[in-house]
Each structure stands twice: as C-alpha cells, then as structure tokens.
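Structure first, then comments.
What follows draws every value from the coordinates through simple rules; no lab data is involved. Keep in mind it's a predicted model, so treat the numbers as computed, not measured. With ideal geometry, Cβ positions are generated from the backbone for all residues, glycine too; neighbour counts draw on all protein chains shown.
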Amino acid sequence: MTDLLDLSTFGYAVVLGVTLLFLYSKLKKLSSGSGGKAASVATGAWPIISHLPLLGGPKAPHEMLGDLGEKYGPAYMIRIGVHPALVVNSSDVAKEIFTTNDLHVSSRSEFAAAKHLGYNYAMFGFSPYGQYWREMRKITMVEVLSNHRIDQLKKVFVSEIEGSMKLLYNTWAEKKDGFGKVLVEMKKHFSDLTLNVVLRMVAGRRYSVVAEEDQKEVLRYRKALRDFFHLTGLFMLGDAVPFLQWLDIGGYEKRMKITAKELDEISGGWLDDHRKGGHWDENKKEKDFMDVMNSVLKGASLAGYDADTINKATSLNMILAGSDTTTVTLVWCLSLMLNNPRILKKAQEELDTHISKDRFVNEIDIGKLVYIQAIIKETFRMYPPAPLSAPRELNESCSIGGYNIPKGTRLIINLHKIQRDPKKWPEQLKFKPERFLTTHKDVDVKGQHLN
C-alpha cells in the first residue's frame, strides 16, 4: 500500500512538473512573438518563477534592478513569474512614458495586497484605470488637495507644528543635562506630528502624545500602518504565479487579511464617530475629508462599492499616502544635515536672517528660505520615500525607448536609480543642496522635470 501511494505521489509530481514546464514554454513563446524590436531580457531567470528570486535577495529590489541596468541599459525586461515587466532606469525613458505614452500606461496590476488591503481595489491608488479611478481622483483633487481646502486647513498645520515645537522645548527644559543637551527620538516625534496633521485633515481625530490611552491607540494604528507598507511592498509568489496563490507560501495573504480587518475597524470607528445618533451632522462648520466624502456621495454606490466602503478606502488612502512618506523624508532630511554640519549651519543662518529666533516660520516666509528648499529637494533626490514608483501596467501596446512593449506588461520605474544618474546629477552620491541653486535651480519636486 505504501509503495502504491509513493508511486501515485510521484506520478502526480511528474504530471505537475510537465504541466508547469509546458505553461512556461508557452508564455515564453507568447512574450517573444510580439514582432518588432524587443527590449533586452535580463538573464538569470528561474523556471516558472522567472526573475522573482532576484527581488528577494540580499540587496533591496531597487538596488538590484539598478545594477542590472548597468548591464542591460536604461530599459530592459524581466519576468515576475508569468508577468513580463519593463524596468526603467532612465529619466529620458521615464519622460517618454509619462508624456507621449501616459494614456497607454495608466492601468494598475492586480495583486493580492490591492485586493485584501485596498478594499478589493476600492482604494483608488490601487484601482485599475477607468471611470471609478477618474471619479475618485477628481474628488480628492477638488475636495482635499485644492487651494481652497488647503487654505481652510492651514490652522491645522499651524497648531500642530506649534504644539510639536513647544513639546520639544518643554522636553529640553525638563531633561537637559549639565551641558544644556537632551537626547530626543526625532523619528517618533516626526511620526506623531505627521500622523496628527493627516488624521485631523481626514478624520477630524487627534491623538495626544502624552495620554496613555491615546498612545495605545496610536501604537495600534502604527503597527497596522507598518504592516500595510510591508505587505504591499512584497513581491509575492502568488502574484507572480497565480496558479500557486492557494499555497500562500510565507502566510502573507493571511497576514494581509488580518491587517485589513484591523484597518477596517479603525476607519469604521472614525465613521461611527462622525455619526451622532446614527445620523451625519451636515451642519458642521469645520468639515474634514470624511465629512466632505459623505456629502459628495450622499449614500450612493459607485462602481459596485457602497458609500461607506468608498469613504473608508479613500480616507485610508489619503492617510497612508501622507503620513509615513512625510515622516521618512523628514528623518532623512534631519539625518543628512546632522551629518553635514556646514549645511546645517547655513540653514540656521538663513532662518536667523529672514525669520529671527523670536517667532515661528509662516507660510509667507517659505519663498525667502531658498537654501532650505534646496535641502528638501536634495533629500527627495537622494532618498525618495518610494524608491520604485507605484506599479502600473500597459493597457495598450506601444513603443517605449525604441522598443515594442506589449499590452499587459508591468512597468517598474526605478526612481532611486534615475535620481542618482551621474550623467544628470554630477557627484550623484554627495549631499549637495547647492545644485538646486545653480545647475538645477529650475527643477521642482512635483514631477514636471523628468529629465
């Protein structure tokens, strides 16, 4: 009986292996038979999973993809399991993509994190290009990021920054040593600041940095936030090879479902707080983003999603996009200045010259602080919060970088590599804010200067 069982198991393994090899060969033929000039394909692919092991090695994915660019050029192909992907390490090719071919590369790929953590693609940052994505983008641009809304929310920025600075001062006054110094964990400080700014704008909530009960809630939210970013940044085997998704190797899908439930409970709690006695207060003088979303949606469904799901998904999208990324940039900016005392001193002198030590910086002062603006731009250049751009997928075949790229190809823009290109950025590994006052003085950080 045991021998028969072993023989049966072996037979199934052989059949499965032959089937997988057949599928692999068919996919390979399809990818190479599109006609026209094809982009170079990186070597080192494994059967079935293709180049996926390269993205899970000792080096970070953006570093590994950048290293391959030295061999295969500014744009080359890899396969993430069964999915072809174009890797772009050149600002010239990126410019072509986001200008000439923008409409051809506007779709989003389907993957487990978007399904489980993004409310089944209701979170518009993960949504495929279409009517729903366009409608949600319009709502967020008009209702959240418009000049009118920013003006209305200025006092949120001002009060949170002033409170943050006073807290730092009080910490120094209470805990300074004999030399007038105190050790402060600025990462936590920046995280508290950005979290409260974004939460007040989106959900009308604020967490005290000293109240024990509030800190428990903050720790809960931060853990869910970290898990979200970690899980959405993974290259999962199930995404690369869909017919192996049921295996859930590593248990990542299970963790996604747990994190999604946690985030839904948090955002659902915010919705409940907005409903007093089961009804939304439409007469509030100061409306946050959730209030505005409720007014816009008026309980209606959109693309099959109910109003509450859209509100929670979009609100979380805004919070997730604005909190951790800002904290990462502030931490890098401070670290770079501390490691470059000359630059830190110049920034302090600029503040003393234009602001003095007797008041806080106001919005109208920012135009005068040209050197500090250059420091921020250089920080973004060296350490973008997301080294690889948000994933896109070609919804139409097109020519990119002189290569014919077929529909369905995934697009990976290596921002880290592009912003350290020595041909565009001399002394690319050096923190040099002065470049944005001389050779690159007209470059902004809004995505308008791709070259």
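Computed values, structure above
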| read-out | value |
| --- | --- |
| Label-reachable residues, the range 354-388, where backbone N falls under 12 Å from a point 7 Å from Tyr169's Cα toward its Cβ | 357-361 |
| ³J(HN,Hα) computed for each position of the range 361-369 - Karplus, 6.51 cos²θ - 1.76 cosθ + 1.60, integer Hz, glycine/proline x | 6, 9, 4, 5, 7, 4, x, 7, 8 |
| Charge dipole of the chain about the Cα centre (unit charges at C-beta), most positive-ward option of Tyr169, Asn362, Gln215 | Asn362 |
| Nearest 10 degrees, 0 to 90: helix 61-72 Cα axis against the chain principal axis | 60 degrees |
| Shape category assigned to the range 276-374 from the gyration tensor of Cα positions, a/c cut at 1.5 | prolate |
| Average Cα contact separation per residue, the range 330-397, under 8 Å, 6 or more apart, as relative contact order % | 34 percent |
| Calculated FRET efficiency for the pair Gln348/Asp177, C-beta based, R₀ 30 Å, to 0.05 | 0.90 |
| Range in the chain, longest, excluding exposed trypsin sites (Lys or Arg not before Pro) [loop by DSSP; at most 13 other beta-carbon atoms within 10 Å] | 60-175 |
| The range 111-320, relative contact order in percent, only Cα pairs under 8 angstrom and at least six apart counted | 31 percent |
| For the range 319-382, size of Cβ-based charge dipole, Lys and Arg +1, Asp and Glu -1, in debye | 200 debye |
| Contact order relative to length of the chain, as percent, for alpha carbon pairs under 8 angstrom and 6 or more apart | 23 percent |
| Cα-centred dipole magnitude for the chain, charges only on beta-carbon of K, R (+1) and D, E (-1), debye, nearest 20 | 900 debye |
| GluC sites (Glu not before Pro) within the range 295-404: DSSP coil, no more than 14 neighbouring Cβ in 10 Å | Glu396 |
| The range 326-371, Cα convex hull volume normalised per residue, Å³ | 86 Å³ |
| Residue-averaged [θ]222 nm for the chain, counting only DSSP H segments that reach four residues, each worth -39500 (n - 2.57) | -16500 deg cm²/dmol |
| In degrees, nearest ten, helix 252-274 long axis to first principal axis of the chain (Cα) | 40 degrees |
| Length added when fully stretched, Asp365-Ser208, from 0.36 nm per residue minus Cα-Cα | 53.6 nm |
| Given charges at Cβ of Lys, Arg, Asp, Glu: the range 111-320 dipole, positive-most of Ala303, Val184, Gly268 | Val184 |
| Angle in degrees between helix 212-232 and the longest Cα principal axis of the chain, rounded to the nearest 10 | 30 degrees |
| Cα centre as origin, Lys/Arg/Asp/Glu Cβ charges: the range 111-320 dipole, Debye | 360 debye |
| Ser109 long-range amide H proximity, modeled H, under 5 Å | Glu393 |
| Simple label model, 7 Å out from Cα along Cβ direction - Phe380 to Asn339, nm | 2.1 nm |
| More than 28 angstrom apart: percent of Cα pairs within the chain | 60 percent |
| Within the range 129-198, chymotrypsin sites (Phe, Trp or Tyr not before Pro) in DSSP loop having at most 10 other beta-carbon neighbours inside 10 Å | Phe179 |
| Anisotropy class of the range 111-320 from Cα gyration tensor, a/c 1.5 cut | oblate |
| Residues with amide H under 5 Å from that of Trp46, placed H, sequence gap 5 or more | His51, Leu52 |
